[in-house]
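The values are calculated or read from the model by the stated rules, or taken from the named source; none is laboratory data. Quick caveat, the model's predicted, so the values are computed rather than measured. Don't worry about glycine lacking a Cβ; one is built from the backbone with ideal geometry, like all the others, and counts go over all protein chains shown. Calculation scope for accessible area: heavy atoms of the full protein, side chains included, ligands and nucleic acids excluded. Shrake-Rupley method; radii C 1.70, N 1.55, O 1.52, S 1.80 Å.
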Amino acid sequence: MTPIILLAVGLSGAMCVLAFALATHAVPFILGLAAFRLAFAWGAGWMVAGTAGVAAAILSFALFVYLWEVLRSPSAKLVLAIVYAAPAAVVGYAFVHGVIGAAPLSEPGRQFLCLASGGFVGLSAVGRLATP
């Protein structure tokens, strides 16, 4: 019984690390998904819509990297990191809301935990992006 509990705790920790790493780059994923859905709604097939989504995600990440290298001002880089990491805060909020959705908590308590998690994930993403 103990090895199963330890495995569950270890896997939960690994999923949290993966969620933080993926939430940092939420903007390319969201833009790629939006491009996929738009292309598919216009009648493109799965392969063409998938290619459009991957291309949009790559271009958005390339734009971020280009702007990061071109901008010289630290405050402009911080603003770019905040804009790029803002969806990560939304992802953190939604992640915790989904995890504790069925928990017997009061609504203010649930909102507090979700907002705190969203803020923590957003600040973590800004910190990951702003470090050289």
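Which of the residues spanning region 94-116 are farther than 15 Å from Thr24 by Cβ and buried (at least 18 other Cβ atoms within 10 Å of the Cβ)?
Answer for region 94-116, where residues must be farther than 15 Å from Thr24 by Cβ and buried (at least 18 other Cβ atoms within 10 Å of the Cβ): Val96, Cys114.
Going by the conditions given, is Leu78 more than 19 Å from Ile30 (Cβ to Cβ), without any contact (Cβ under 8 Å) to a residue 40 or more places away in the chain, surrounded by 14 or more Cβ atoms within 10 Å (Cβ to Cβ) and within 20 Å of the chain's Cα centre (by Cα)? Reasoning before the result, please.
Working: more than 19 Å from Ile30 (Cβ to Cβ): yes; without any contact (Cβ under 8 Å) to a residue 40 or more places away in the chain: no; surrounded by 14 or more Cβ atoms within 10 Å (Cβ to Cβ): yes; within 20 Å of the chain's Cα centre (by Cα): yes.
Against the criterion (more than 19 Å from Ile30 (Cβ to Cβ), without any contact (Cβ under 8 Å) to a residue 40 or more places away in the chain, surrounded by 14 or more Cβ atoms within 10 Å (Cβ to Cβ) and within 20 Å of the chain's Cα centre (by Cα)), Leu78 does not qualify.
Contact list please: Cβ distance under 7 Å, first residue in region 53-68 and free of Cβ contacts under 8 Å to residues at least 24 places away in the same chain, second residue exposed (fewer than 14 other Cβ atoms within 10 Å of the Cβ) and hydrophobic (A, V, I, L, M, F, W, C), pairs at least six apart or on different chains.
Gly53/Leu33
Within region 6-30, which residues are open to solvent by 80 Å² or more (accessible area, probe 1.4 Å) and more than 14 Å from Val90 (Cβ to Cβ)?
Of everything in region 6-30, those that are open to solvent by 80 Å² or more (accessible area, probe 1.4 Å) and more than 14 Å from Val90 (Cβ to Cβ) turn out to be Leu6, Leu7, Val9, Leu11, Met15, Val17, Leu18.
I'd like the full set of residues that are more than 12 Å from Ile58 (Cα to Cα) and buried (at least 16 other Cβ atoms within 10 Å of the Cβ), limited to region 31-40.
Within region 31-40, Phe36, Ala39, Phe40 qualify.
Scan region 55-68 and give yes if some residue there is surrounded by 15 or more Cβ atoms within 10 Å (Cβ to Cβ) and β-branched (Val, Ile, Thr), otherwise no.
For region 55-68, residues surrounded by 15 or more Cβ atoms within 10 Å (Cβ to Cβ) and β-branched (Val, Ile, Thr): absent.
Anything in region 9-26 that is among the hydroxyl-bearing types (Ser, Thr, Tyr) and over 10 Å from the mean Cα position of the chain (by Cα)? List them, or say none. Can you show your working first?
Initial filter on region 9-26 (among the hydroxyl-bearing types (Ser, Thr, Tyr)): 12, 24.
Answer for region 9-26, where residues must be among the hydroxyl-bearing types (Ser, Thr, Tyr) and over 10 Å from the mean Cα position of the chain (by Cα): just Ser12.
Six or more apart or on different chains, Cβ atoms under 6 Å: show the pairs whose first residue is in region 84-101 and touching a residue at least 40 places away in the same chain (Cβ under 8 Å) and whose second is part of a helix (DSSP H, G or I) and open to solvent by 50 Å² or more (accessible area, probe 1.4 Å).
From residues that are touching a residue at least 40 places away in the same chain (Cβ under 8 Å), the pairs are Pro87/Ile30.
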